[in-house]
């Protein structure tokens, strides 16, 4: 199914598509998601989800991994549906059988070559506008996590390296050990003698 890009779509349109492809819908505009992510991407996602799951077990907040629909403006036009790599939701009334209704408390996106601009600009702005309190952008290439904390309607940015321990602002006492998130760094090549 080829979707005309000039049409403004709604969540009901999105929910009716069954062509086996994954899409996101932002302000009524459809974005085709790339095929399956890399093994590195999935490994990082699994490692993060594992740490969040262990911390959240038995607590009210829940962690969800993609594919998981987040309807950012479900109560005002319902024309934006994204599938973050990881979502943390602390308000049970936002969770239904179709996904999340409204902004999660926290979202994590893991960059891939095809998603960098989308995650760092388009989704960054949509998450900020929707009120996502904490947005992490994980870069597997540089092994850096950019943590964006919502303050007075804007994101304050802080970067963390692959050996840092990050205190999760939206979850009291939760610490994520980035050394356990990224795959081991490749060994450095020794310079060859003359």
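Coordinate-derived values only; no laboratory data. Note that the structure is a prediction, hence the values are computed from the model and not measured.
Angle, helix 39-56 long axis vs. longest principal axis of the chain, Cα atoms, 0 to 90°, nearest 10?
The helix 39-56 is inclined about 80 degrees to the chain.
Quick one, which of (i) 8, 26, 25, 17, 12, 8, 3, 0; (ii) 10, 41, 39, 10, 0; (iii) 8, 35, 35, 15, 4, 2, 0 is the actual P(r) over Cα pairs in 10 Å bins from 0, in percent calculated for this model?
Comparing each candidate, only (iii) matches the computed number.
For the chain, what's the relative contact order in percent, using C-alpha pairs closer than 8 Å and at least 6 residues apart?
So the answer I get is 15 percent.
For residue 17 and residue 42, calculate 0.36 nm times their separation in residues minus their Cα-Cα distance, and state this gained length in nm to one decimal.
Numbers: separation 25, 0.36 × 25 = 9.00 nm, distance 2.52 nm.
My answer for the length gained is 6.5 nm.
Distance between Cα centroids, the stretch 130-183 to the stretch 15-89: provide it in whole Å.
With the stretch 130-183 and the stretch 15-89 each reduced to a Cα centre, they are spaced 17 Å.
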